[in-house]
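Okay, structure first, notes after.
The values are calculated or read from the model by the stated rules, or taken from the named source; none is laboratory data. Keep in mind it's a predicted model, so treat the numbers as computed, not measured. Cβ placement follows ideal geometry from the backbone for every residue including glycine, while neighbour counts extend to all protein chains displayed. Accessible surface areas use protein heavy atoms only, side chains included; no ligands, DNA or RNA. Shrake-Rupley method; radii C 1.70, N 1.55, O 1.52, S 1.80 Å.
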Amino acid sequence: MKKILNQVISIPLLGLSLLGLSACTIIDEPVDVVKPFALNQYLGTWYEIARLDHSFERNMSNVTAQYSIDGDKVVVINKGFKQDKQQWDKAEGKAYFIDGDNQGLLKVSFFGPFYGAYQIHDIVQNDQGRYTDSLVIGPNNDYAWILSRTPTLAPEIKQRFITKLKALSISEDKLIWVNQGDRQ
């Protein structure tokens, strides 16, 4: 009887433990993140200038990310045109700060309890303090994005971000430069 009772109790506890682990954010390869960071300067629309290849954005052009606040979370709406299907695709996610809102380190989820790290590694701001260009690394060096407030990137900013990527052992040759269509 005791053995059966232990199994009945341990199975739900194991399930809860696994669920708890799945909701964690794993950072396989931490990078330096922007400090200090001001979320209000990051909110709004960003154009995806370049990215590393991954299945959930494969064959996409005209990709944008929209960040807004809803209560204690950052709402993330990614939108892009799937070239192979000739249709627009949209994904809505949520993000939360990991170690306080004064640094560019968040966890983001598009798939239920599963979160990935969103490490804002470098940022450019204009004279008014508004963020204009951003280099983001995921939980490891298999995920990287170059974002800008405009569909194009100034050559000096492009070189700055490529230099930072090289320092992280991310080759420029692996980047996909996103077609922003007639927006340019």
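What the table shows:
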| read-out | value |
| --- | --- |
| Leading residue by the ranking (most open to solvent (accessible area, probe 1.4 Å)) among those in the range 43-57 that are at pLDDT 95 or above and either among the β-branched types (Val, Ile, Thr) or not in a strand (DSSP E or B) (or both) | Asp53 |
| Pairs with Cβ under 7 Å, 6+ apart, first in the range 149-174 and within 22 Å of Thr64 (Cβ to Cβ) and touching a residue at least 60 places away in the same chain (Cβ under 8 Å), second open to solvent by 100 Å² or more (accessible area, probe 1.4 Å) and part of a loop (DSSP other than H, G, I, E, B) | Pro151/Gln184; Thr152/Gln184 |
| Answer residue from the range 128-158, given it is assigned to a strand (DSSP E or B) and open to solvent by 20 Å² or more (accessible area, probe 1.4 Å) and is farthest from Glu57 (Cα to Cα) among those | Thr132 |
| Hits in the range 86-113 - residues which are outside any strand (DSSP E or B) and free of Cβ contacts under 8 Å to residues at least 24 places away in the same chain | Gln86, Asp99, Gly100, Gly112 |
| Only listed residue being modelled with pLDDT of 95 or more and acidic (Asp, Glu), chosen from Asp70, Asp99, Asp84 | Asp70 |
| Gly116 being modelled with pLDDT under 95, under 28 Å from Ala167 (Cβ atoms) and either open to solvent by 70 Å² or more (accessible area, probe 1.4 Å) or part of a strand (DSSP E or B) (or both) | yes |
